[in-house]
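Asks: Let me give you the structure first, and then I'll get to my questions.
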Amino acid sequence: MFSTPGTRSRRTRGILATAAATAALLALSACGSSSGVETLDESADVTITMWTGQEDSAQKYLEALADEFEQEHPNVKIDLSPGASSTEDLLQKLSAGFAGNNYPDISYAFGSWAGQLEASNRTLDITDQVADPAVKWDEFSPAARDTARPSGNKTIGFPAVVDNISLLYNKKLFDAAGVAYPTDEWTWDDFRAAAKQVSDPGQNIYGYAYSVSGSEETTWQFWPKFWQNGGEILNGDQTEATFNSKAGVDALAMLQGMAIDDKSVYLDQTDTKFGQLFASDRIGMITSGPWQLYDLGVAGTEYGVTQLPGTDGDHKTVSGADIWALFDHKDANKAHWAFEFTNWLTQAEQDEQWNVAYGNLPLRASEIDSPAFQEQAAKLPGLTVMAANAVNAEIARPTLPGYVGLSEAVGQAISEVLQGKGEPDAALDAAVEKANKALAED
């Protein structure tokens, strides 16, 4: 569930979906679903049920848009509700709904759930519809598109919210250390050198911060470095983990050198304290996303934003894309209008009235130059850079159910190495063994 500005948090927590919900969803793959109208009648009265996973102002934005759609299509009723007490609870609610044939036509879903939802055999496949040039599917980032197509065989919905991580730097600390600000051309060598120069552990000032909680925060911060080195998380058929390749070992060794040798990294056990310390001029650089900007403005932090440091000109980032999942009730009218509403909702004009108005990144590249986005960007310096950084969100994190266990294995390995409890090659080899067991259990 998204909170109001000032307490907004990253959207990676959907990775913590319960094993019970996952098992229940997969068990439904052979079950049938309710049947409705077989022949489409676009003028027939129809009610579309939508679980938004939102509250407060975000919910109000969506309610206003649903009212607008209903006015344009008087025969269509959009029955809008949060769906559950929190966004995290939606997966369990969907699982129960599938079991009782009482599930919505549209639901917000964390991107990490996409594979589980497709495996339930309850989703619509809108691959043919999104091929229509009028949908402008290519305006979504590659990672967002791939998240909505988890197995590569079906398109189960539309991107709902997108973000990515960029490099944020504290101007006050850089100025005090006499270090030039980061640029879009920075390499990881540039980054490491600057982090060491800005650091002053005796004064509790660090050049960089990294999560060692072992959570998905630990893992997803690692993936850009891994991808920039040419690494692939899984093999071609997604049955085995391959992150212990040279790309993975080198990326983790670089972080190890910063944390252990340079002592330039604040190791955060909480996933949240590093943002507060950056805002209070104790950390020189963090890699974070748009959710951080409001708090920095409130704190009065002097900061800048640029794309991530890269390798050989590669500046890949990671995106936490979430989706509007569409569900099949074997009813031609429901299927038609569920698609039509989500397609309309995610077009630029409507997205400016929700994601942009709320302070999220725009869904589509075409919105960056819009007056609505430029107005928000003026309030949240760096937002334009983060929006442009979407072009570097080329790869989606795996969405298959086994990613939960894989992420935990990687996060634990990174945490141990950065705290001096292991070496990159051995830690990642052990993590691959754990990850492969999780993948085999799917």
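The values are calculated or read from the model by the stated rules, or taken from the named source; none is laboratory data. Small disclaimer: the values here were computed from a predicted structure and weren't measured. No Cβ is skipped: glycine too gets one built from the backbone with ideal geometry, and neighbour counts run over all protein chains shown.
Asks: Test Met254 against the criterion of being of a type outside the set (Val, Ile, Thr) and under 22 Å from the mean Cα position of the chain (by Cα), and give yes or no.
Replies: Details: of a type outside the set (Val, Ile, Thr): yes; under 22 Å from the mean Cα position of the chain (by Cα): no.
Against the criterion (of a type outside the set (Val, Ile, Thr) and under 22 Å from the mean Cα position of the chain (by Cα)), Met254 does not qualify.
Asks: Can you find, within the stretch 135-178, the residue that is surrounded by the most Cβ atoms within 10 Å (Cβ to Cβ) among those that are touching a Lys or Arg at 6+ places or on another chain (Cβ under 8 Å) and not in a helix (DSSP H, G or I)?
Replies: So, considering only residues that are touching a Lys or Arg at 6+ places or on another chain (Cβ under 8 Å) and not in a helix (DSSP H, G or I), the one surrounded by the most Cβ atoms within 10 Å (Cβ to Cβ) is Ile156.
Yes/no per residue for (1) closer than 24 Å to Val356 by Cβ; (2) touching a Ser or Thr at 6+ places or on another chain (Cβ under 7 Å); (3) not polar (S, T, N, Q):
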position	(1), (2), (3)
Val46	no, no, yes
Trp51	yes, yes, yes
Tyr61	yes, no, yes
Phe69	yes, no, yes
Leu80	yes, yes, yes
Gly83	yes, yes, yes
Gln92	no, yes, no
Phe98	no, yes, yes
Tyr103	no, no, yes
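Asks: Scan Val391, Val404, Val410, Val432 and give me the residue that is closer than 28 Å to Pro309 by Cβ, touching a helix residue (DSSP H, G or I) at 6+ places or on another chain (Cβ under 7 Å) and β-branched (Val, Ile, Thr). Quick ask: steps written out before the conclusion?
Replies: Values: Val391 fails: touching a helix residue (DSSP H, G or I) at 6+ places or on another chain (Cβ under 7 Å); Val404 fails: closer than 28 Å to Pro309 by Cβ; Val432 fails: touching a helix residue (DSSP H, G or I) at 6+ places or on another chain (Cβ under 7 Å).
After ruling out the rest, the residue left standing is Val410.
Asks: What's the number of the only condition in (1) aliphatic (A, V, I, L, M); (2) at pLDDT 95 or above; (3) farther than 30 Å from Thr399 by Cβ that Leu65 fails to meet?
Replies: Looking at each condition in turn, Leu65 falls short on (3).
Asks: In addition: Kindly indicate whether Lys263 is under 27 Å from Ala440 (Cβ atoms) and charged (D, E, K, R).
Replies: Values: under 27 Å from Ala440 (Cβ atoms): no; charged (D, E, K, R): yes.
It is false that Lys263 is under 27 Å from Ala440 (Cβ atoms) and charged (D, E, K, R).
Asks: Follow-up. Looking only at the stretch 400-442, count how many residues are closer than 27 Å to Ala144 by Cα, part of a loop (DSSP other than H, G, I, E, B) and in contact with an Asp or Glu (Cβ under 8 Å, 6 or more places away or on another chain).
Replies: The total comes to 3.
Asks: Name the residues in the stretch 184-195 that are touching a residue at least 12 places away in the same chain (Cβ under 8 Å), in a helix (DSSP H, G or I) and not basic (Lys, Arg), would you?
Replies: Trp188, Asp190, Phe191, Ala194, Ala195
Asks: I want to confirm something. Restricting to the stretch 290-319 and keeping residues that are closer than 25 Å to Val417 by Cα and of a type in the set (Gly, Ala, Ser), which single residue is farthest from the chain's Cα centre (by Cα)?
Replies: Applying the filter and picking the extreme gives Gly310.
Asks: Out of the residues in the stretch 257-279 that are of a type in the set (Asp, Glu) and within 22 Å of Gln203 (Cβ to Cβ), state the one that is surrounded by the most Cβ atoms within 10 Å (Cβ to Cβ).
Replies: This residue is Asp268.
Asks: Quick one: which of Pro201, Pro224 is of a type outside the set (Lys, Arg) and surrounded by fewer than 24 Cβ atoms within 10 Å (Cβ to Cβ)? Write out each step before concluding.
Replies: Working: Pro224 fails: surrounded by fewer than 24 Cβ atoms within 10 Å (Cβ to Cβ).
The match here is Pro201.
Asks: A further question follows. Of the numbered conditions (1) at pLDDT 95 or above; (2) assigned to a helix (DSSP H, G or I), Gln116 fails exactly one; give the number of that condition.
Replies: For Gln116, the failing item is (1).
Asks: Hey, another quick one. Can you tell me which residue in the stretch 415-424 is nearest to Ser264 (Cα to Cα), limited to those that are buried (at least 16 other Cβ atoms within 10 Å of the Cβ) and in contact (Cβ under 8 Å) with a residue 24 or more places away in the chain? Before you say what the answer is, go through the steps one by one.
Replies: Within the stretch 415-424, the subset buried (at least 16 other Cβ atoms within 10 Å of the Cβ) is 415-418, 422, 424.
Subset that is in contact (Cβ under 8 Å) with a residue 24 or more places away in the chain: 415, 417-418, 424.
Working: Ser415: 16, Val417: 15, Leu418: 11, Pro424: 18 Å.
Result: Leu418.
Asks: A follow-up question, please. Just the residues that are within 28 Å of Gln269 (Cβ to Cβ), assigned to a helix (DSSP H, G or I) and at pLDDT 95 or above, please, taken from the stretch 211-250.
Replies: Thr218, Thr219, Trp223, Pro224, Lys225, Phe226, Trp227, Gln228, Ala247, Gly248, Val249, Asp250 - these are the residues of the stretch 211-250 that are within 28 Å of Gln269 (Cβ to Cβ), assigned to a helix (DSSP H, G or I) and at pLDDT 95 or above.
Asks: Only one of Glu55, Glu70, Glu88 is modelled with pLDDT of 95 or more, surrounded by fewer than 20 Cβ atoms within 10 Å (Cβ to Cβ) and either over 27 Å from the mean Cα position of the chain (by Cα) or assigned by TED's automatic domain parsing to the domain that holds Leu361 (or both). Can you tell me which?
Replies: On the way: Glu55 fails: modelled with pLDDT of 95 or more; Glu88 fails: modelled with pLDDT of 95 or more.
When all the criteria are applied, what remains is Glu70.
Asks: Hey, which of the helices (runs of 4 or more DSSP H) in the stretch 280-363, taking only ones fully inside, have at least 2 residues that are surrounded by fewer than 24 Cβ atoms within 10 Å (Cβ to Cβ) and modelled with pLDDT under 95?
Replies: Working: elements: 293-299, 332-345, 348-351, 355-358.
In the stretch 280-363, 293-299, 355-358 are the helices (runs of 4 or more DSSP H) which contain 2 or more residues that are surrounded by fewer than 24 Cβ atoms within 10 Å (Cβ to Cβ) and modelled with pLDDT under 95.
Asks: Same structure again: Would you point out which residue out of Tyr208, Tyr181 is part of a strand (DSSP E or B) and at pLDDT 95 or above?
Replies: Values: Tyr181 fails: part of a strand (DSSP E or B).
None of the other options fit; the residue is Tyr208.
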